[in-house]
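What follows is a set of notes on a single structure, which appears directly below.
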Amino acid sequence: MTRQPMTRQPTHGFTLIEALIALAILAITAVSFLRATEANVARVTALETRAAASWAAQNRLAELTLGTPVPSEPVELLGRSYKVDVATTPTADPQLNRIDISATLTDQTASTQLTGFVWNRAGGS
């Protein structure tokens, strides 16, 4: 009786090493997508904060233009509190005042600055 040499039958599918390599590539790709998504969320949040600060400054300029009393407390927009500072300086025209407004999120640095001109009710005719 002669022995037949053992031969391996071809198998279908992936080996364990191939599956592990594919899984590692998938994990690296998922982590990179997660990081990109987190960075995008941070940028959108910063943009939303700056837009709301700009609205707060524009609202304050509108209040000054209309001559309505300007409150000293922070402005609430989109669930956030903004401190709005107003600096008034005279211009060469006695009927106009330059208004510099900065709106700051209460726990951060200045988010936006706005400059406008308002009719000087006391100095003009």
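The values are calculated or read from the model by the stated rules, or taken from the named source; none is laboratory data. Quantities reported herein were computed from a predicted structural model and do not represent experimental measurements. Reconstructed Cβ throughout: ideal geometry from the backbone, glycine too, with neighbour counts over all protein chains shown. Areas reflect the complete protein model, heavy atoms only, side chains present, ligands, DNA and RNA absent. Shrake-Rupley method; radii C 1.70, N 1.55, O 1.52, S 1.80 Å.
Here the range 31-125 is assigned +1 on the Cβ of each Lys and Arg and -1 on the Cβ of each Asp and Glu. Its dipole about the Cα centre then comes out at about 160 debye. Counting charges near Val44 (Lys, Arg +1; Asp, Glu -1) among other residues having Cβ under 13 Å from its Cβ returns a value of 0. Among residues other than Pro74 whose Cβ falls under 14 Å from its Cβ, what is the net charge (Lys/Arg +1, Asp/Glu -1)? Within the 14 Å Cβ shell, the charges total -1.
Since only Ala52, Val75, Val41 are under comparison, the one whose Cα sits farthest along the positive direction of the charge dipole of the range 3-89, derived from C-beta charges on Lys, Arg, Asp and Glu, is Val41. In terms of overall dimensions, the range 53-125 has a Cα radius of gyration and Dmax of 12.9, 42 angstrom. In this structure the chain gives 78 Å² per residue of accessible area when probed at 1.4 Å with all protein chains present. Given a Förster distance of 41 angstrom, what is the FRET efficiency for Leu26 paired with Ala51, based on the Cβ-Cβ distance and rounded to 0.05? Rounded to the nearest 0.05, the efficiency is 0.65.
Computed from Cα atoms, the angle from the helix 16-66 axis to the main principal axis of the chain rounds to 10 degrees.
In the chain, the calculated helix contribution to ellipticity at 222 nm averages -15500 deg cm²/dmol per residue, counting -39,500 (n - 2.57) for every DSSP H run with n ≥ 4.
Taking only protein heavy atoms and a 1.4 Å probe, the accessible area of the chain is 62% carbon and sulfur.
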